[in-house]
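Written below as structure tokens is the structure these notes are about.
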Amino acid sequence: MRRKPFQDSPTPAGNSVAAIALLRLHAYGNDAGLRGKAEQTIEVIAGLAAQYGLFAATYGIAAVHRSHLHTQIVIVGDDQLADRLHAAAVAPYSATKAVLKLTANRAVPQNLPPALAETIPQLPAIKQGKTVAVICSGFTCQPPIFDHDELARSLRQLSPVNPLSG
């Protein structure tokens with residue numbers, strides 16, 4: 001059996017990448033089995049991480065994905081406000097964030113991750129054709145946001161402190 005290296009060199013370590021992928025899939029579909037497999041993978045290699053320092057960076061990213069709720073921001077609209085909301089949503093970096101921008105006619109269940117397909121198309125604002133942003137984290141969505149400054153404030157409150165951002 002071929003050994004799977006733990007360390008990143010020069011490409012990211014396969015087990016850590018697999019754990020990240022499983023956690024992201026869990027965030028989109030709420031499949032507890034995927035999260036369980038990711039956690040098992042992370043726990044198996046946890047004892048080795050300190051030995052590898054910088055060469056365990058992908059493991060560190062996997063650990064961040066495990067310890068923070070995945071946040072999904074859905075922007076629905078096709079106007080200047082939608083562009084401003086999208087800019088506000090993508091501006092702060094987060095390893096555990098995904099931004100999806102759709103036109104109103106595309107905000108239908110088959111175009112959304114399963115965890116959002118039941119909520120987003122049913123929002124009155126979307127049914128009325130209003131441009132809106134919705135922040136969902138941990139399979140719970142906040143009320144719709146109609147202003148890019150308010151969206152930026154909400155995202156700052158959600159995000160863990162980033163020591164590199166000053």
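The values are calculated or read from the model by the stated rules, or taken from the named source; none is laboratory data. These numbers were taken from a predicted model, which means no experiment stands behind them. Don't worry about glycine lacking a Cβ; one is built from the backbone with ideal geometry, like all the others, and counts go over all protein chains shown.
For segment 1-38, a residue qualifies if it is out of contact with any helix residue (DSSP H, G or I) (no Cβ under 9 Å at 6 or more places or on another chain), under 27 Å from Leu54 (Cβ atoms) and modelled with pLDDT under 85, and the qualifying residues are Arg2, Arg3. Restricted to segment 100-166, the set of helices (runs of 4 or more DSSP H) holding at least 2 residues that are buried (at least 16 other Cβ atoms within 10 Å of the Cβ) and at pLDDT below 90 comprises 114-117.
Comparison of Gly47, Gly77, Gly53, Gly33 shows that the only residue that is more than 16 Å from the chain's Cα centre (by Cα) and in the same structural domain as Val134 (by TED's automatic domain parsing) is Gly77.
Checking each residue in segment 80-121 for being over 18 Å from the mean Cα position of the chain (by Cα) and over 19 Å from Ala27 (Cα atoms) picks out Gln80, Leu81, Ala82, Asp83, Arg84, Thr103, Ala104, Asn105, Arg106.
Among the residues making up segment 85-98, those that are surrounded by 19 or more Cβ atoms within 10 Å (Cβ to Cβ) and not in a loop (DSSP other than H, G, I, E, B) are Leu85, His86, Ala88, Ala89, Lys97.
Which residue, of His65, His86, is touching a Lys or Arg at 6+ places or on another chain (Cβ under 8 Å) and at pLDDT 95 or above? Break it down stepwise before answering.
Details: His65 fails: at pLDDT 95 or above.
Step by step, each of His65, His86 is checked, and only His86 is touching a Lys or Arg at 6+ places or on another chain (Cβ under 8 Å) and at pLDDT 95 or above.
When Ala57, Ala38 are checked against the criterion of being over 30 Å from Ala125 (Cα atoms), among the small types (Gly, Ala, Ser) and crowded, with 19+ Cβ neighbours inside 10 Å, a single residue qualifies: Ala38.
Report, by residue number, each residue of segment 42-54 that is at pLDDT below 90 and assigned to a helix (DSSP H, G or I). Passing the criteria: Val44, Ile45, Ala46, Ala49, Ala50, Gln51, Tyr52, Gly53, Leu54.
Mind listing whichever residues of segment 1-41 are among the hydroxyl-bearing types (Ser, Thr, Tyr) and part of a helix (DSSP H, G or I)? Show your work before the answer.
Within segment 1-41, the subset among the hydroxyl-bearing types (Ser, Thr, Tyr) is 9, 11, 16, 28, 41.
Residues satisfying the conditions are Ser16, Tyr28, Thr41.
Note on segment 124-141: residues that are under 15 Å from the mean Cα position of the chain (by Cα) and of a type in the set (S, T, N, Q) amount to 2.
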